[in-house]
Amino acid sequence: MEAIPVLKKPIQYVKGIGEARARSLEKLGINTVEDILYHFPRDYEDRASIKKVVELYDGQPACFKAVVVSGMTENRPRKGLTIQKLIVKDETGTAVLTWFNQSYLKGSFQPGQYYMFYGKPARKFGHLEIQNPVCEKLDENLKETGKIIPIYPSTSALSQKILRSVIKTSLSLVNNQLQEFLPQEIREKYNLAEINYALNNIHFPIDKKSFEFSRKRLVFEEMLLLQLGLLSIKNKISVDTHGICFKSIPDTEDFINRLPFSLTEAQTRVFGELQKDMESSKPMNRLMQGDVGSGKTIIAVLAMFKAVKSGYQAAMMVPTGILAEQHYNTFGSLFEPYGIKTILVTGNLTQKQKKQAQEQIYEGCADIIIGTHALIEEGVQFNNLGLVITDEQHRFGVRQRAVLASKGNMPDVLVMTATPIPRTLALILYGDLDISIIDQLPPGRKKIETYWIEESMRERVNKFIRKQLEEGRQAYIVCPLVEESDAMEAKSVEKHAEELQKVFAPFKVIFLHGKMKGKLKDQIMKEFSSGKVDILVSTTVIEVGVNVPNAAVMVIENAEKFGLAQLHQLRGRVGRGSAQSYCILIYNSDSKIALERMKVMQKTNDGFVIAEKDLEMRGPGEFFGTRQHGLPDLKIANLFKDIDILKEAQEEAKQILGKDRELSRPEYKSIRQRVLERFSERADEISFN
């Protein structure tokens, strides 16, 4: 049997997997034998170290060997509840094992027989008790004890036991016959395990050393394929057709001098980087990132001014209608003195308005076009599109960016994000883009005072909010997504708004959630922006691009349910006016990581520090919307912990492409195939395709 075809077989090919189980695995993104082999453990339980009963500590899970010294007893304290108990001991002490509603265990244990047990001990009433332990007879081939046990990301329909069994069967199926695709030279250079060894020992490690050796190999592999894909996309951009050479525009200085504020040093530096790109013959492909309020938008305005004054149209795509309208009003007043016409294109336009806007764009009467996803509709055709800007890039997929850019002839592309991303991660996510960072806030911006509190202080929070409202301020109250269902999300926000309307009467409370239609969302935001509404109760739909200077309070309910980056984005909705602003995180959890997040938020307003911390606290997985970028998720690499391996992989990727940009040499052909598979959504952008 050839191993590679086996990898591509549907998961139902594995013995013991029926249709129902296959559907459950599909929910985890597991469709093939290869998918299950690359479904890595999220943690491990050390059941290899065998303890004595006397060494069992309260609350610390452990594996121990003991002999059964009693028959199983069963009590029924109330209807619907049975409690089973068993006494076991070794030469150092005695323990009581307890189960609930598991009458079928009666007769499973023989007094005088030795068993292996694993569980979390607790001292109760002077004796040691372990509830619902894992048990195995000592003379059997031990499967769940006496070894390091993997714990997998799972769903309620798939127990850990089932997943372990499926993975074990799949490993037997390929039978150590997987084809190695990393050249021997690379494996020797970086001391990397062979692929079959690595997969066997990442799932079922013999010991800590074999686990670490295997993990290093798989992290390196993941990073190498990611970097090869991204560098190839970048190569294609840099070797492809020449772009537009924009002119140097003397009027730019006058435009800057007329602004009601001075540019910061960081803004001046970044605009210099943009100008250099725009005046070169290569198409600009640049990411501009900066914290909330760092002044990215004005740099975009300057780039659009330069493009229009060079004889081209400029388009800016933003995620929401309200933000598009905000920009349209602001930009219009800035550009009007220079005879530059700005128009708005959103889904809210009537058919007549839409047709009129499309005609103006096509005929070249419109210079600056601000819009939402409506810009990428087929009916929108540009006369001479030279510059494309996407704002809040993590809200748009790579495809949308590409569709808008394809409406011009190799236009320059500027991507903006207010989600601060550590530089290393930015190089991974945006390997196809050059990066500019505005790392300075305008002078005089007040720090948003941030506090985390427990539910018991709710009354004090309400008094504080009322005081702010009485002083003429407005407040946001953000609820998490309580359930996966949209209906539940909508219901929870509506219900909370109803309760708050009673608490804060006579002030006006309104709610907003993702299930609402675009027009209604925009209407609600307009009412809030104009001050007709005092409190906006919302889901994270307000996370991006809402500018209400009078909003001075941000309350985040169940703050433990949000990641650091998202908490920071939400906090950035306040602090936009002259008044002191506040962010109150209402917290209800015992989780150490969640508590750490609260402390980070209270300590700093710096988005880049927060992004670093976010990275440090996360494990592998989808970072900052990697799926939106058409990038493969990270299945094993931790971008904070594995920074050294990432650098090695990045260097190796550059060397490989330096020797063989097409990856056509025999030793690179398998790598090439893997890269194309990983980047299936963007394979047409990769230069060796």
* Candidate set: region 516-536, residues that are surrounded by fewer than 16 Cβ atoms within 10 Å (Cβ to Cβ) and among the basic types (K, R); chosen: the one modelled with the highest pLDDT -> K532
* **Residue in region 269-310 that is modelled with the highest pLDDT, counting only those that are touching a strand residue (DSSP E or B) at 6+ places or on another chain (Cβ under 8 Å) and assigned to a loop (DSSP other than H, G, I, E, B)** => S310
* Structure fact -> Filtering region 11-43 down to residues that are of a type in the set (D, E, K, R) and either touching a residue at least 24 places away in the same chain (Cβ under 8 Å) or within 12 Å of Y152 (Cβ to Cβ) (or both) yields K15, R21, K27, E34, D35, R42, D43
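Going by the conditions given, is A193 hydrophobic (A, V, I, L, M, F, W, C), free of Cβ contacts under 8 Å to residues at least 60 places away in the same chain and part of a helix (DSSP H, G or I)?
Values: hydrophobic (A, V, I, L, M, F, W, C): yes; free of Cβ contacts under 8 Å to residues at least 60 places away in the same chain: yes; part of a helix (DSSP H, G or I): no.
The answer is no for A193.
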* Structure fact -> Residues of region 68-89 being touching a residue at least 24 places away in the same chain (Cβ under 8 Å) and closer than 15 Å to I130 by Cα, in sequence order, are V68, M72, V88, K89
* What helices (runs of 4 or more DSSP H) completely inside region 570-671 contain at least 2 residues that are at pLDDT 90 or above? -> 592-603, 643-659
* To do: Please tell me if I249 is at pLDDT below 90, touching a Lys or Arg at 6+ places or on another chain (Cβ under 8 Å) and not acidic (D, E).
  => no
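For every residue, the table says whether it meets (1) over 18 Å from I584 (Cβ atoms); (2) at pLDDT 80 or above; (3) in the same structural domain as V548 (by TED's automatic domain parsing); (4) loosely packed, with under 13 Cβ neighbours inside 10 Å.
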| position | (1), (2), (3), (4) |
| --- | --- |
| Q474 | no, yes, yes, no |
| V478 | no, yes, yes, no |
| E483 | yes, no, yes, yes |
| A490 | yes, no, yes, no |
| Q501 | yes, yes, yes, no |
* To do: Among what's in region 146-174 and is touching a residue at least 40 places away in the same chain (Cβ under 8 Å) and part of a loop (DSSP other than H, G, I, E, B), pick the residue that is surrounded by the fewest Cβ atoms within 10 Å (Cβ to Cβ).
  => T155
* **Selection within region 349-364 - farther than 13 Å from F382 by Cα and either assigned to a helix (DSSP H, G or I) or touching a His at 6+ places or on another chain (Cβ under 6 Å) (or both)** => Q351, K352, Q353, K354, K355, Q356
* Considering only region 87-107, state which residues are over 12 Å from V53 (Cα atoms), in contact with a Leu (Cβ under 9 Å, 6 or more places away or on another chain) and not aliphatic (A, V, I, L, M). => T98, W99, F100, N101
* **Residue in region 547-560 that is more than 24 Å from K463 (Cβ to Cβ) and buried (at least 20 other Cβ atoms within 10 Å of the Cβ) present** => no
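For K85, indicate whether it is assigned by TED's automatic domain parsing to the domain that holds G59 and over 22 Å from R47 (Cα atoms). Even if it seems obvious, please write down each step before you answer.
Details: assigned by TED's automatic domain parsing to the domain that holds G59: yes; over 22 Å from R47 (Cα atoms): yes.
The answer is yes for K85.
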* Of the residues T297, T346, T350, which single one is under 28 Å from D251 (Cα atoms) and β-branched (V, I, T)? -> T297
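Of the residues that make up region 538-547, is at least one without any contact (Cβ under 8 Å) to a residue 40 or more places away in the chain and assigned to a loop (DSSP other than H, G, I, E, B)?
yes
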* Structure fact -> Sole miss for D240 among (1) modelled with pLDDT under 90; (2) surrounded by 20 or more Cβ atoms within 10 Å (Cβ to Cβ); (3) not basic (K, R) is condition (2)
* Does region 540-560 hold any residues that are over 23 Å from Q580 (Cα atoms) and modelled with pLDDT of 85 or more, and which are they? -> N558, E560
* Selection within region 285-295 - surrounded by 24 or more Cβ atoms within 10 Å (Cβ to Cβ) and out of contact with any Pro (no Cβ under 7 Å at 6 or more places or on another chain) -> M288, G290, S294
* Which of the residues belonging to region 380-406 are assigned to a loop (DSSP other than H, G, I, E, B) and at pLDDT below 90? -> D391, E392, F396, G397, S406
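Here are I36, I83: which of them is β-branched (V, I, T) and surrounded by fewer than 16 Cβ atoms within 10 Å (Cβ to Cβ)?
Numbers: I36 fails: surrounded by fewer than 16 Cβ atoms within 10 Å (Cβ to Cβ).
Just one listed residue meets the conditions, I83.
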* Asked: Is it true that some residue in region 50-59 is in contact (Cβ under 8 Å) with a residue 12 or more places away in the chain, under 25 Å from E180 (Cβ atoms) and among the β-branched types (V, I, T)?
  -> no
* To do: Select from region 496-529 the residues that are small (G, A, S) and part of a helix (DSSP H, G or I) and write down the one among them that is nearest to V478 (Cα to Cα).
  => A497
* Scan region 329-343 and report the pairs whose first residue is more than 14 Å from A307 (Cα to Cα) and whose second residue is surrounded by 14 or more Cβ atoms within 10 Å (Cβ to Cβ) and of a type in the set (K, R), with Cβ atoms within less than 9 Å and a gap of 6+ or a chain change. => G332/K341
* **Failed item in (1) touching a Ser or Thr at 6+ places or on another chain (Cβ under 7 Å); (2) farther than 15 Å from Q650 by Cα; (3) buried (at least 21 other Cβ atoms within 10 Å of the Cβ), with S232 passing the rest** => (2)
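Yes or no: region 448-458 includes at least one residue that is of a type in the set (A, V, I, L, M, F, W, C), at pLDDT 95 or above and in a helix (DSSP H, G or I).
No: zero hits.
The values are calculated or read from the model by the stated rules, or taken from the named source; none is laboratory data. All values derive from a computational prediction rather than experimental measurement. Methodologically, a virtual Cβ is constructed for each residue, glycine included, from the backbone with ideal geometry; neighbour enumeration extends over all protein chains shown.
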